[in-house]
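The values are calculated or read from the model by the stated rules, or taken from the named source; none is laboratory data. Given the structure is predicted, the values throughout are model-derived calculations rather than measurements. Here Cβ is always computed from backbone atoms with ideal geometry, including for glycine, and neighbour counts include all displayed protein chains.
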Amino acid sequence: MTADAATARTGGPADVAGLRRLAVATLDANWEHDHTVPSRTLYPHQWSWDSAFIAVGLAHVRPERAWRELASLFRAQWADGRVPHIVFNRALRVGAYFPGPELWRSATAEGAPALDTSGLVQPPVHALAAWLAYRRAPDPAGLAALRRLYPALVAQQGYLADRRDLTGEGLACIVHPWESGLDNSPAWDEPMAAVAAEATVMRAYRRHDTAHADAAHRPTDLDYARYLAMVASYRDRGYSDQVLADGHPFLVECPLFNAAFGAAEHALARIATVLGADPGPHRARAARITEALVRRLYDPATGTFAPRDLRTGRLVPARTVLGLAPLILPDLPARQVDALVVEARSARFGVAERMERPLPSHDRTAPDFEPLRYWRGPSWLNVGWLVRRGLLTHGRPELAAGLRRSMIGLVAGAGCHEYFHPDTGVGLGSPAFGWTAALLLDLLAEEPTPETDRATVAR
Ligand code: 9WN
């Protein structure tokens, strides 16, 4: 039985064993020779941060695949260390995803691999994923895989530190909203407004996403016109970061991206220890990133973190879930931890021991909160998973448990959807989504006490 069929038949898997089966069936159905596609319909290639989250889940049930997932992604790493956000499967027909390889033209860029890839990156959650995968299955095969991956993970960090720290202040900047992973978050409205583009240019293209998902849930044509303008700007400079400061229209320091950047150094320190390498430089870099994040992206006036638009020098005013991500840093100072816990518990995000509604991707009290549109309101498991890790890291187990129950409840009610309605929990986007399945497995594996399991199923 396929994952979709399991959900359709029951209207939602009824128990923990059923949820596990659904998650494994979803991951198996999305497995494609050496990686897992996020979705067979909407995203049929390999995506960077998806593969990291997926490896975390695979480690519970198919550890060998978890390592293959990461290894296949890093085979597409560029000579400068960047890990591309999409690795295209050449066996798929032209038009299987837009924008496809013909728009990215990676083969024309210096240092690109002999594969078709995008030229952008995504939040570097891979070292954390590798560490968690190893911790889940610390056998000789896992150790060997970790040893092979370590230099590539270090190079990924090196790329961000050397090429993307445009201000020299210690943070990496993103050059496209797709690099944030939260593509159309209200956080990008202000910086995106400066990107010159006309929605009508989209008449020349065929969007693939709106053929598979409701256009009212997706970014708009104007968003897409701007996305393409930014890709063209970067691509036409050969994806070189040296010239970014002269005229690239979107340069932003993102709190989630940089929290992942810092968390990666913490993970690399642990990996280095296991491999007999020196963890010291990783710890030192982690400390520098946390310090820079607090200095540059924490806003004492709001008590949360916000992206900094390097074109204007200003913090972006939108209060999105991106601001909570620095909780994943174990060395985040107590003052910021306390402020983020207040922000998480506020009416904006509603994190609680017993959550009334799922964690939204945007401030639910904001006038531009949109419960159906992608990253402008809906609830996503990967972001909730990160926030939950942060709450556990900083000694808030009751809130972490509330968030965990809420996330498991979403899948129990709707299946492995890509995202969920932040009020009703109705499943939205792709119905058989890789990271939802994978992270569900991880959530189910933790705190598997009868009490939490009962609460999970009772939703
Ligand atoms: C563009 C694959 C990816 C995720 C992103 C999500 C979405 C792509 C798109 O899908 O982005 O990269 O076409 O909308 O926003 O986080 O990695 O699941």
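Figure legend. Inter-residue proximity from region 181-198: first residues hydroxyl-bearing (S, T, Y), second residues within 16 Å of the ligand (Cβ to nearest atom) and in a helix (DSSP H, G or I), beta-carbon distance below 9 Å, spacing 6+ or different chains. Indicated pairs: S185/P177; S185/V321; S185/L322.
Residues of region 247-260 include at least one that is at pLDDT 90 or above and among the β-branched types (V, I, T).
A66 passes every criterion in (1) away from the ligand (no atom under 16 Å from the Cβ); (2) within 20 Å of H417 (Cβ to Cβ); (3) surrounded by 19 or more Cβ atoms within 10 Å (Cβ to Cβ) apart from (2). Residues in region 1-37 that are modelled with pLDDT of 95 or more, of a type outside the set (V, I, T) and closer than 15 Å to G427 by Cβ: L19, L22, A23. A232 meets each of the listed conditions (1) surrounded by 18 or more Cβ atoms within 10 Å (Cβ to Cβ); (2) modelled with pLDDT of 95 or more apart from (1).
Residues of region 106-122 that are within 14 Å of the ligand (Cβ to nearest atom) and either in a loop (DSSP other than H, G, I, E, B) or of a type in the set (G, A, S) (or both): S118, G119, L120, V121, Q122. Please determine whether any residue of region 167-174 is free of Cβ contacts under 8 Å to residues at least 40 places away in the same chain, away from the ligand (no atom under 16 Å from the Cβ), within 22 Å of V231 (Cα to Cα) and not in a helix (DSSP H, G or I). Checking region 167-174: not a single residue is free of Cβ contacts under 8 Å to residues at least 40 places away in the same chain, away from the ligand (no atom under 16 Å from the Cβ), within 22 Å of V231 (Cα to Cα) and not in a helix (DSSP H, G or I). Listed conditions (1) within 13 Å of the ligand (Cβ to nearest atom); (2) at pLDDT below 95 are all met by T452, apart from (1). V94 satisfies every condition listed in (1) buried (at least 21 other Cβ atoms within 10 Å of the Cβ); (2) more than 14 Å from the ligand (Cβ to nearest atom) except (1). One residue alone among A269, A260, A232 is touching a Pro at 6+ places or on another chain (Cβ under 6 Å), in a helix (DSSP H, G or I) and without any contact (Cβ under 8 Å) to a residue 24 or more places away in the chain, and that residue is A269. Checked against (1) more than 14 Å from the ligand (Cβ to nearest atom); (2) in a helix (DSSP H, G or I); (3) surrounded by fewer than 17 Cβ atoms within 10 Å (Cβ to Cβ); (4) not basic (K, R), L103 passes all but a single condition, namely (1).
Going through (1) closer than 17 Å to W178 by Cβ; (2) part of a loop (DSSP other than H, G, I, E, B); (3) within 15 Å of the ligand (Cβ to nearest atom) one by one, W78 falls short only on (3).
So is L222 more than 17 Å from the chain's Cα centre (by Cα) and within 16 Å of the ligand (Cβ to nearest atom) or not? Yes; evaluated as a whole, the condition is true for this residue. For region 32-63, taking the residues that are under 13 Å from the mean Cα position of the chain (by Cα) and of a type in the set (V, I, T), the one that is farthest from the ligand (Cβ to nearest atom) is identified as V56.
Cβ-Cβ contacts under 7 Å between residues 6 or more apart (or on different chains), taken from a first residue in region 432-451 that is at negative phi and surrounded by fewer than 24 Cβ atoms within 10 Å (Cβ to Cβ) to a second residue that is in a helix (DSSP H, G or I) and at pLDDT below 95, are listed as L444/V16. Residues of region 265-275 include none that is in contact with a strand residue (DSSP E or B) (Cβ under 8 Å, 6 or more places away or on another chain) and under 22 Å from A127 (Cβ atoms).
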